[in-house]
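Rule-based calculations on the coordinates, nothing more; no lab input. Model, not experiment: these values are computed from the prediction. FYI the Cβ positions are ideal-geometry reconstructions off the backbone, even for glycines, and counts take in every protein chain you see.
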Amino acid sequence: MRPARVLDGTPAQHGFSFPAEWHRHTGTWISWPRPEGISFPGRYHEAIQNIAGVISAIAARERVHVNVPNANYERLVRQFLRSQNVPIGRVGFHHIPTNECWTRDHGPAFVLRKRRGRTEAAVVDWGYNAWGGKYPPYDADDAVPTRVAAALGLPVFYPRIVMEGGAVDFNGEGTVLTTTSCLLNKNRNPNLSKRQIERYLRDYYGQRHIVWLGQGIEGDDTDGHIDDLARFLDASTIAIGTEWDRSDRNFVVLHENRERIAEARDQDGQPFRIIDLPMPKPVEYDGQRLPATYLNFYFVNGALLVPTFGQRARDRQALAILQDHLPRRKVIGVDCRALIWGLGAIHCLTQQQPRF
């Protein structure tokens with residue numbers, strides 16, 4: 001495999017930008033967890049059943065690329081996926097070792113540009129430090145984007161600052177949605193100001209407008225990732241988690257963030273339409289509050305995959321609201337009751353490869 005070619009300058013200077021998640025996909029990347037990893041203590045075998053469910057739902061609509069350390073792992077994972085009735089013909093394997101499975105944060109950020117009538121792609125390889133150095137080692141995860149770029153024959157940009165995919169969401173028209181609690185946290189880029197972080201978002205994601213929310217939800221160990229809190233449904237619509245129980249620890253945080261969205265404007269100065277999406281009832285395991293949220297959904301070709309938590313009425317309510325606002329997509333609930341023990345769900349697990 002040839003090493004990836006490094007591009008000078010920034011994606012914005014070369015005409016690249018990060019597309020909305022609903023841009024047509026070529027496939028989805030997922031890093032398979034290791035039994036000895038830290039993500040699912042005591043529940044690894046339950047968690048990989050949930051992961052198989054996610055892969056099966058994606059593979060029905062697009063190709064799935066699975067990172068595994070070596071050929072022996074590939075054999076074992078293939079056998080397991082077959083036992084779970086996953087359509088294995090739509091799954092490809094890459095011998096790219098990882099520390100953990102959270103591909104949204106350590107995976108490649110694909111940026112696109114139109115040139116001479118063609119769509120071209122490149123990879124942005126942001127630095128990765130396991131959410132502020134919380135969970136070492138993370139050297140294998142940090143190397144994933146460049147290894148994916150080499151496998152695909154794509155060039156790479158290196159911003160040389162820390163950035164996680166779950167910390168940002170995009171409307172495809174130039175606006176990025178994020179939180180101060182994560183991007184301005186000194187455990188990521190302690191020497192950068194808010195203004196400097198905004199410059200990186202513009203230069204390396206090719207965006208022109210930033211909307212800042214505040215704190216993240218209870219149980220989120222990422223310091224407030226946006227993909228647990230509020231997400232774009234289309235270029236002008238933001239769904240936000242809503243908690244009506246004033247005694248719940250998420251009540252104040254979600255209320256304050258909703259007010260911020262109501263005051264915010266898009267890249268053209270227009271207000272956003274706001275969709276209130278209920279939060280699940282508190283999900284706890286082994287005495288720990290977990291960051292269960294329906295906002296950790298994932299767009300795939302023709303569908304939206306939404307985490308569910310065995311709460312029949314609340315799960316159905318969230319799915320119905322999303323289906324009402326996305327009539328051209330099939331909204332599908334995927335069981336994440338074991339996956340959430342790793343403090344992540346479908347969006348955290350996946351990274352889209354847009355069509356180019």
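From most to least packed by mean Cβ count within 10 Å, the peptides 41-50, 323-332, 140-149 give 140-149, 41-50, 323-332. Considering every Cα-Cα pair within the range 5-161, what fraction, in whole percent, is farther apart than 27 Å? That fraction is 27 percent. For every other residue with a beta carbon closer than 10 angstrom to the beta carbon of Trp341, add +1 if it is Lys or Arg and -1 if Asp or Glu, then tell me the sum. That works out to 0. Hey, got a sec? Which trypsin sites (Lys or Arg not before Pro) in the range 239-289 land in a DSSP loop and have at most 14 other Cβ atoms within 10 Å? Loop-located and lightly packed - Arg246, Arg249. Of all DSSP-defined beta bridges confined to the chain, some 45% are antiparallel rather than parallel.
Classify the range 237-340 as rounded, prolate or oblate from the Cα gyration tensor: take a ≥ b ≥ c as the square roots of its eigenvalues, call it rounded if a/c is under 1.5, otherwise prolate when a/b beats b/c and oblate if not. The shape class here is oblate. Pairs spanning more than 32 Å between alpha-carbon atoms, out of Lys134/Lys330; Lys281/Lys330; Lys134/Lys194: Lys134/Lys330.
Rounded to the nearest 0.05, the FRET efficiency derived from the C-beta distance between Asp268 and Asn72 at R0 = 35 Å is 0.10. The distance separating the Cα centre of the range 134-211 from that of the range 327-356 comes to 20 Å. Taking every DSSP beta bridge that has both ends in the range 299-356, the antiparallel portion is near 25%. Computing Rg and the Kirkwood Rh from the Cα coordinates of the chain gives a ratio, Rg/Rh, of 0.93.
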